[in-house]
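Report on one structure; see the data block that follows.
The values are calculated or read from the model by the stated rules, or taken from the named source; none is laboratory data. Because the structure is predicted, anything quoted here is derived from the model rather than measured. Note that we place each Cβ from the backbone using ideal geometry, even for glycine, and neighbour counts take in every protein chain shown.
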Amino acid sequence: MTPDQAAVRPVNRLLFGGDVMLCRDVARRIRETNDPSHPFVKIAPLLASADLTFVNLESPFADKGPPGEDGLVFRARPETISGLVLAGVDVASTANNHARDCGDHGLAYTVAWLREHHIEPVGTGENPEKAHAGVVLERHGVRFGFLGYTFDQSNGNWHDVDWRVAVLDIPTMQDDVAALLKKADVVIVSMHNGNEYQKTPSRAQVDFAHAAIDAGATLVIGHHPHVTQPVERYGRGVIFYSLGNLVFDQFQRVETQHGEIAEVVFTGKDVTRTSVIPVRITRDGPEVEPPRIVPPNPPAKSKKPVTPPEEQPAVPARTQQT
């Protein structure tokens, strides 16, 4: 390699999608079209164009268990993974409040089924160690590490704790980030947290996201509120507090019918551009709307972050609405 070649840093483009749920009305539409990949047909060319693509998988895969036709206990039929494959998804966060909806069998089945289709699960694993180890994927010589955490793993159905699901705990997360940085050039933390249908992040979201960046993470990708929330540039990192929905059936609210895909461009291990691509959620999958660039602003100091008072919306003054 010549000195000129060594000076050229590789460019990677990463895309991050929001909540993906493949049962209830989404499953009914799949049956109507007789195409298990139908929810991703429109969005697949965009998602598959990235060097790395990430989503939050809200419905566990299982070949048996609850029907998942209605209500809040989810199960995705195994064949519907074809949509994720069509969209070129590389990493799926499986740490969320629906992780155990199909019991022990569903948790293990989801991890194995994703890997069988060359999609890496993060936030759950065959054992607690694997749930916290994260995954590392290399693109153009840059090693990207992913970790995933959830505020809740029971969905109101379990009274014990399954340690194969990584729950939100700041000291544990910081240890995980430090360990992953020994193997990765960039660490990305997935955060399933916040209050549903609220457009501003909670104190818990802010504290966890700031702690992740302070620990050395470059990006925090948030989901669970089912609506979009602000983007914050904090320290040397960027926080997408909530990307909202990507594939879902929440048509009872206007806000839940609009999500975002985060686009982050890295030069080497440095973030050089971020933008959000708005999407409109339909029964036939998400449709792209005109993108919005997230403008740069001075980085916030990462030491002793200022947290808003309890009685105020827990959004830092530095946060930008996108």
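Quick rundown of the values:
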read-out: So F248, is it of a type in the set (F, W, Y) and either over 12 Å from the mean Cα position of the chain (by Cα) or surrounded by fewer than 21 Cβ atoms within 10 Å (Cβ to Cβ) (or both); value: yes
read-out: L57 being at pLDDT 95 or above, within 20 Å of N34 (Cα to Cα) and within 14 Å of the chain's Cα centre (by Cα); value: no
read-out: Residues of region 189-202 satisfying the condition of being part of a loop (DSSP other than H, G, I, E, B) and crowded, with 23+ Cβ neighbours inside 10 Å; value: N193, G194, P201
read-out: Pick from region 82-104, criterion more than 11 Å from H118 (Cα to Cα) and of a type in the set (A, V, I, L, M, F, W, C), ranking: surrounded by the most Cβ atoms within 10 Å (Cβ to Cβ); value: A99
read-out: Any hit, region 270-284, residues being touching a helix residue (DSSP H, G or I) at 6+ places or on another chain (Cβ under 8 Å), of a type outside the set (S, T, N, Q), in contact (Cβ under 8 Å) with a residue 40 or more places away in the chain and not in a strand (DSSP E or B); value: yes
read-out: Condition broken by S93, with the remaining ones in (1) hydroxyl-bearing (S, T, Y); (2) closer than 27 Å to V142 by Cα; (3) touching a helix residue (DSSP H, G or I) at 6+ places or on another chain (Cβ under 6 Å) satisfied; value: (3)
read-out: Candidate set from region 263-294 (those that are of a type in the set (S, T, N, Q) and surrounded by fewer than 17 Cβ atoms within 10 Å (Cβ to Cβ)); member that is farthest from G216 (Cα to Cα); value: T282
read-out: Residue match in region 129-143 (condition: touching a Cys at 6+ places or on another chain (Cβ under 6 Å) and outside any helix (DSSP H, G or I)); value: no
read-out: So L46, is it part of a helix (DSSP H, G or I), in contact (Cβ under 8 Å) with a residue 60 or more places away in the chain, within 23 Å of R28 (Cβ to Cβ) and touching a strand residue (DSSP E or B) at 6+ places or on another chain (Cβ under 9 Å); value: no
read-out: Candidates D185, D162, D176, D207, filtered to the one that is acidic (D, E), over 16 Å from the mean Cα position of the chain (by Cα), buried (at least 16 other Cβ atoms within 10 Å of the Cβ) and more than 22 Å from P121 (Cβ to Cβ); value: D207
read-out: Output for region 105-130, where each listed residue is crowded, with 17+ Cβ neighbours inside 10 Å, more than 16 Å from the chain's Cα centre (by Cα) and over 19 Å from K64 (Cβ atoms); value: G125
read-out: Unique match (being closer than 25 Å to V26 by Cβ, among the charged types (D, E, K, R) and buried (at least 20 other Cβ atoms within 10 Å of the Cβ)) among E255, E260, E232; value: E260
read-out: Within region 157-187, considering residues that are assigned to a loop (DSSP other than H, G, I, E, B) and free of Cβ contacts under 8 Å to residues at least 24 places away in the same chain, the one farthest from S59 (Cα to Cα); value: K182
read-out: Residues of region 69-106 satisfying the condition of being of a type outside the set (A, V, I, L, M, F, W, C) and in a helix (DSSP H, G or I); value: P78, E79, T80, S82, G83, G103, D104, H105, G106
read-out: Any chance V55 is hydrophobic (A, V, I, L, M, F, W, C), surrounded by 17 or more Cβ atoms within 10 Å (Cβ to Cβ) and touching a strand residue (DSSP E or B) at 6+ places or on another chain (Cβ under 8 Å); value: yes
read-out: Qualifying residues in region 149-168 (those that are farther than 18 Å from S190 by Cβ and of a type in the set (G, A, S)) - the one modelled with the highest pLDDT; value: S154
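Each row is one residue, and each column tells you yes or no for (1) more than 25 Å from T228 (Cβ to Cβ); (2) aromatic (F, W, Y); (3) surrounded by fewer than 13 Cβ atoms within 10 Å (Cβ to Cβ); (4) modelled with pLDDT of 95 or more.
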{"residue": "L14", "(1), (2), (3), (4)": "no, no, no, yes"}
{"residue": "M21", "(1), (2), (3), (4)": "no, no, no, yes"}
{"residue": "I30", "(1), (2), (3), (4)": "yes, no, no, yes"}
{"residue": "N34", "(1), (2), (3), (4)": "yes, no, yes, yes"}
{"residue": "F61", "(1), (2), (3), (4)": "yes, yes, no, yes"}
{"residue": "P67", "(1), (2), (3), (4)": "yes, no, yes, no"}
